[in-house]
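Below you'll find the structure, written out as structure tokens, and then a few comments.
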Amino acid sequence: MPEKSTRAASVLLAQCVDYEETNVHRAMTNVLETYGYLLDKLKPGSTVLLKPNLLLGRAAETCVTTHPVFVKTIARLLLDMNFRVLIGDSPALGSTVTALKRSGYIKALEDMPVEFVDFADSVRVDNHEGALFRHFEIARIVRDVDFLINLPKIKTHGQMGMTLAVKNLFGCVSGLRKKEWHLKTGSSPEHFADMLLELAALIKPDLTIVDGIWGMEGNGPQNGTPVPLGFIAAGINPCLVDRVLLECLKIDPQLVLTCRVAEKKQPGTTDLGRISVIGSSLEECTIQRNFKLPGLKNLMGNTLPHFVVDYLKSWFTEKPDIVREHCSLCLSCVTICPTQAMSLAGTNARQKIAIDRDKCIHCFCCQEVCPENAVQIKAGFCNRLIRTINS
């Protein structure tokens, strides 16, 4: 077992082929054997908050949310250690209770004395160490608990490339206040990544455990394709965890903005040689297929340098587009849009969702919450050209 100082800069990998409870329990026990010393400082009855990814209420097999068996297993282990266990998040739209029900959490944990909490009550927290953002409003419960465990799901993300350990902590911002951050960071994905990194450093979860048993590729974070990955990962530093995950997925860290910006702000962050990978080896957990990133990143990420991708994107900017035959006019995109670029247009049977391109800041919140996969990310001529060359 590595010394405590070494474990602080380590990332644990543990193979786990499915969500059968015995297999998940074995992998999760491995995590607590490695990082359990962090819990030694707590007294019996201390409060531990589990923060999964509950983007929206979707069935577990869609891989939109952290799997309920994954959360149930760590909750049971913590209860056995006599801790008070809370489970909560702030979905992009709708209530936490609705997301918990539709994602199977309430049924999966109905026989366990856990408490479900929403993140509606927020508090302003000064960001003294931040270089760009002086304060954040986060859920009060996140600040008040004794121990926070971050439980992300491996998924793609239209704007950031991937939503992993760092991005999952954006859920600690209450409800539609997330829209305010999209407005503040404007149309610059790099600036948004800056914000995510400073938020993660401020929240500083005590432990991160990643559900990588099954993940989502393609048009994530809601309408992508579930894929078997077969492992979980854990660590103290979310940036280090994300870097190891990208290695397992064979993704260039320069294509994932939180990793690219982290390296820019603090050189060496993405240097795999500085991270101690323990448990299963990288080779054992590296997938044997090409993991599909969303949109333009997937088309060019494996063939062109990232600075060329950035140059092309400055000319052929990715943008949301509505596939009318898929659209149910649920208005989720209209509700979530931070700049009110989305609106309902037309009359009666000819109604449709219209996009004001001058207002659109390309945050892809609309694509993130669309339940019908009706919002697609397009890159115009460049997208079609690259696809033709690669075909």
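Figures for the structure shown
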item: Area projected by the alpha carbon convex hull of the stretch 109-184, averaged over all directions, nm²; result: 6.8 nm²
item: Relative compactness, the stretch 162-213, computed as alpha-carbon Rg over 2.2 N^0.38 Å; result: 1.18
item: Cα long-axis angle, helix 189-203 against the chain (0 to 90 degrees, to the nearest 10); result: 20 degrees
item: GNM result for the chain, Cα springs below 10 Å: residue of LEU202, LEU164, LEU13 fluctuating most strongly; result: LEU202
item: Mean ellipticity per residue at 222 nm, deg cm²/dmol - from DSSP H runs of n ≥ 4 across the chain, formula -39500 (n - 2.57); result: -9500 deg cm²/dmol
item: Selected from HIS157, HIS135, HIS362 as most flexible by GNM, with the chain as the system and alpha-carbon contacts under 10 Å; result: HIS135
item: Fraction of accessible area attributable to carbon and sulfur, the chain (%, probe 1.4 Å); result: 51 percent
item: Angle between the chain longest axis and helix 21-35 axis [Cα atoms, degrees, rounded to 10]; result: 70 degrees
item: For the stretch 1-136, fraction of C-alpha pairs farther apart than 18 Å, in %; result: 64 percent
item: Whichever aspartates and glutamates have a C-alpha closer than 15 Å to that of LYS292, once near sequence neighbours (fewer than 8 apart) are set aside; result: GLU217, GLU247, ASP252
item: Spatially proximal lysines relative to LYS41 (Cα-Cα < 16 Å; intrachain offsets below 8 disregarded); result: LYS4
item: Long-range amide H partners of VAL11 with built H, under 5 Å; result: SER276, VAL277, ILE278
item: Under 25 Å from LYS359, Cα to Cα: lysines that are on another chain or at least 8 residues apart; result: LYS167, LYS178, LYS179, LYS184, LYS297, LYS313, LYS319, LYS378
item: Extension gain from LEU282 to ASN348, taking 0.36 nm per residue of separation minus the Cα-Cα distance; result: 18.2 nm
item: Label zone at GLU115 (point 7 Å along Cα-to-Cβ), backbone N below 11 Å, the stretch 38-53; result: 46-49
item: Charge context of TRP214, other residues only, Cβ under 14 angstrom, K/R +1, D/E -1; result: -1
item: Solvent-accessible area per residue, Å², over the chain with all protein chains present [probe radius 1.4 Å]; result: 43 Å²
item: Top of PRO267, PRO189, PRO294 by mean-square fluctuation, Gaussian network on the chain, Cα under 10 Å; result: PRO267
item: Mean Cα-pair separation over length for the chain, i.e. relative contact order, pairs under 8 Å, 6 or more apart, %; result: 18 percent
item: Where labels lie 7 Å past Cα in the beta-carbon direction, separation of LYS250 and LYS101 in nm; result: 4.3 nm
item: Approximate spin-label separation CYS330-ASP271, in nm, with each point projected 7 Å along Cα-to-Cβ; result: 4.6 nm
item: Segment GLU137-GLU21, length gained on full extension (0.36 nm per residue, minus Cα span); result: 38.1 nm
item: Gyration tensor verdict on the stretch 143-255 (Cα atoms; rounded if a/c is under 1.5, prolate if a/b is larger than b/c, oblate otherwise); result: oblate
item: Centroid-to-centroid separation of the stretch 165-225 and the stretch 80-105 [C-alpha atoms, Å]; result: 17 Å
item: Degrees between helix 68-80 axis and first principal axis of the chain (Cα, 0 to 90, nearest 10); result: 20 degrees
item: Placed amide H near ASN53: partners under 5 Å, 5+ positions off or other chain; result: THR66, LYS153
item: Extension gain, SER46 back to VAL323 (0.36 nm per residue minus Cα-Cα distance, nm); result: 94.8 nm
item: Principal axes of the chain: Cα extent on each, largest first, Å; result: 60, 44, 43
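The values are calculated or read from the model by the stated rules, or taken from the named source; none is laboratory data. Here the structure is a predicted model, which is why all the values come from computation and not from measurement. Because the Cβ atoms are built from the backbone with ideal geometry, glycine has one as well, and the counts that use them run over all protein chains shown. These accessible areas exclude ligands, DNA and RNA; they are computed on the full protein's heavy atoms, side chains included. Shrake-Rupley method; radii C 1.70, N 1.55, O 1.52, S 1.80 Å.
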